[in-house]
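Inspection log for the structure reproduced underneath, given as structure tokens.
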Amino acid sequence: MPKTPPKLTIVPDAAALAQAAAKRLLARLAEPRERFAVALTGGSSPEGLYRLLASEPYRSQVPWQRVHWFWGDDRFVPQDDPRSNAGAARRLFLDRVPAPPENIHAIPTDAANPDEAARSYEAELQVFYGADRLEPARPLYDVVLLGLGGDGHIASLFPGQPQVDETKRWVVGVPRAGMEPYVPRVSLTLPTLASTRDMLFLVTGKGKREILTRVLSGADLPAACAHSQGELVWLVDRDAAPARRDVA
Ligand code: 6PG
């Protein structure tokens with residue numbers, strides 16, 4: 001599958017961003033495929049999108065029986081902890097829609113430790129994919145959703161930490177988070193995140209403008225290392241958008 005250059009799409013505000021993300025996701029889910037795999041993200045940026053997926057006119061357009069929901073990362077806390085990414089997505093949409101329970105593939109944060117959870121999630125992904133090697137021509141995911149951390153992290157791959165350079169493992173334990181909440185994490189690695197037809201970053205608010213400018217200028221940060229076997233789109237609101245002259 002050919003790589004296309006990353007695309008920057010600027011929308012007026014967070015509400016427009018949620019709508020644009022929902023439309024893009026639905027367009028993918030309208031393709032003639034037997035099943036779909038979507039990697040969800042944590043943080044506040046996807047909340048509007050998640051709410052829309054549970055409400056009309058979006059809810060009835062999602063082929064719930066055929067979509068499998070995964071996570072790009074999670075905090076190593078129980079799902080009923082307010083910091084849990086899986087718990088947040090459940091509360092905002094998955095518990096409110098006809099998604100079959102077997103299609104929800106949360107990171108097992110009830111494992112003995114983050115490394116165990118990573119190994120077990122890696123095995124689950126490999127069973128779903130049907131191989132233990134990712135082939136560029138056959139991406140694991142249809143859509144990978146990501147947010148952008150204020151320090152340039154994506155998923156739970158933090159700047160300067162060794163997990164950013166991991167190329168063999170599909171999923172890793174992250175003993176120390178580089179940003180709040182400071183709980184251990186479990187994260188997909190860059191090659192696993194890249195195994196997608198569509199990578200969609202959701203970025204909102206003035207607080208993200210500076211870091212987004214650095215990332216789009218190619219600074220040495222995890223977010224700037226993200227790549228996709230298919231398309232890569234930065235969907236950002238006007239507050240977060242860099243002034244054009246700031247981007248190299
Ligand atoms: C997590 C996330 C993380 C998030 C960014 C952006 O578990 O914390 O998956 O990578 O996407 O930190 O978070 P906000 O959207 O809250 O700014």
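The table that follows gives values for the structure above.
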read-out	value
Complete set of residues in the range 75-96 that are closer than 16 Å to Leu53 by Cα and loosely packed, with under 15 Cβ neighbours inside 10 Å	Asp95
Condition met for Thr204 (in contact with a Pro (Cβ under 9 Å, 6 or more places away or on another chain) and within 15 Å of Asp151 (Cα to Cα))	no
Enumeration of residues in the range 174-197 that are more than 12 Å from the chain's Cα centre (by Cα), within 14 Å of the ligand (Cβ to nearest atom) and not charged (D, E, K, R)	Val174, Ala177, Gly178, Met179, Pro181, Tyr182, Val183, Pro184, Val186
Residues located in the range 58-94, provided they are under 18 Å from the mean Cα position of the chain (by Cα), of a type in the set (Lys, Arg) and more than 26 Å from Phe158 (Cα to Cα)	Arg91
Matching residues in the range 213-231 - criterion: being farther than 25 Å from Phe70 by Cα and crowded, with 23+ Cβ neighbours inside 10 Å	Val215
Test: Arg35 is touching a His at 6+ places or on another chain (Cβ under 9 Å), away from the ligand (no atom under 11 Å from the Cβ) and not hydrophobic (A, V, I, L, M, F, W, C)	yes
Sole residue being within 15 Å of the ligand (Cβ to nearest atom), modelled with pLDDT of 95 or more and not aliphatic (A, V, I, L, M), chosen from Gln65, Gln79, Gln61, Gln126	Gln79
Filter result for the condition that a residue is away from the ligand (no atom under 16 Å from the Cβ) and out of contact with any helix residue (DSSP H, G or I) (no Cβ under 7 Å at 6 or more places or on another chain), over Leu29, Leu53	Leu29
Pairs, first at positive phi in the range 138-159, second within 11 Å of the ligand (Cβ to nearest atom) and among the aromatic types (Phe, Trp, Tyr), C-beta under 9 Å, six or more apart	Gly152/Phe158; Ala155/Trp71
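The values are calculated or read from the model by the stated rules, or taken from the named source; none is laboratory data. Just so we're clear, the structure is a prediction, and the values are computed from it rather than from any experiment. Here the Cβ is made from the backbone with ideal geometry for all residues, glycine too, and neighbour counts use every protein chain on show.
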